[in-house]
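Chemist: The following block contains the structure, expressed as structure tokens.
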Amino acid sequence: MNEASKSSERTLDLARLTYHRTTVESVDVEVVVREVLALMEHDYLPKGIRVSIVSSLPRVACRRIYVKHIFENLLSNAIKFIGNQPTPLIEIGTEQDDQSTLLFVRDNGTGIVRGMAERIVLPCQRAAPETIPGSGIGLSIVRSVVEQYGGVVSAQSTPGVGSTFSVRLPVLDRTSIGPEDCAQEGICLGGTHRSLGLS
């Protein structure tokens, strides 16, 4: 698929996310991340990039396909901007802030130019030079997904050092959630999805 086709497909993805009703499932993030990494091996292994899951990943209340979209786009972005590091590294994990649990993808790549960290998640905003292919749609897809579930996306970056993209989604307690809890909250462990009016 050429770049024009990829750009058109990603634009359609963004439109679908904008107009689809929000639904939720109980999603094991670690399982999804490992699936995405297996699919993307041909992108990062030839570059010698080491990808590490540095902490236990939680269950979240989201659609499984959306969690997949989030990590496909964040990892694709990290791989694209890894640069010529002698020991290229991408880390995936969680951290706590004052409000909740954040999921993050961190790299030691080229970083983002000053002033672009907040704008880069807007549609068609690119921090890359023209020599690096891309449509500027991927991170806006991440933002659209996360905001549907009342979450936020944030970026921290230092040019020449690397970037960290963090997302906040509703986190479920691995140890206590069961089918009855899911039913009460409108969350499906599998099968039919229920639509919720989350924002």
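Chemist: When you count, for each residue, the other Cβ atoms within 10 Å and take the mean per peptide, how do 38-44, 24-30 rank with the highest first?
Modeler: Highest-to-lowest ranking by the protection proxy: 24-30, 38-44.
Chemist: Can you give the extra length, in nm with one decimal, that the chain gains between S56 and R34 once fully stretched, where that is 0.36 nm per residue apart less the Cα-Cα distance?
Modeler: Extra length from S56 to R34 when fully extended: 6.7 nm.
Chemist: Work out how much length T101 to Q156 would gain on full extension: take 0.36 nm times their residue separation and subtract the Cα-Cα distance, in nm to one decimal.
Modeler: Full-extension gain reported as 18.1 nm.
Taken together, the values in this text are just the output of simple stated rules run on the coordinates, not laboratory data. Here the structure is a predicted model, which means the values were calculated and not measured. With ideal geometry, Cβ positions are generated from the backbone for all residues, glycine too; neighbour counts draw on all protein chains shown.
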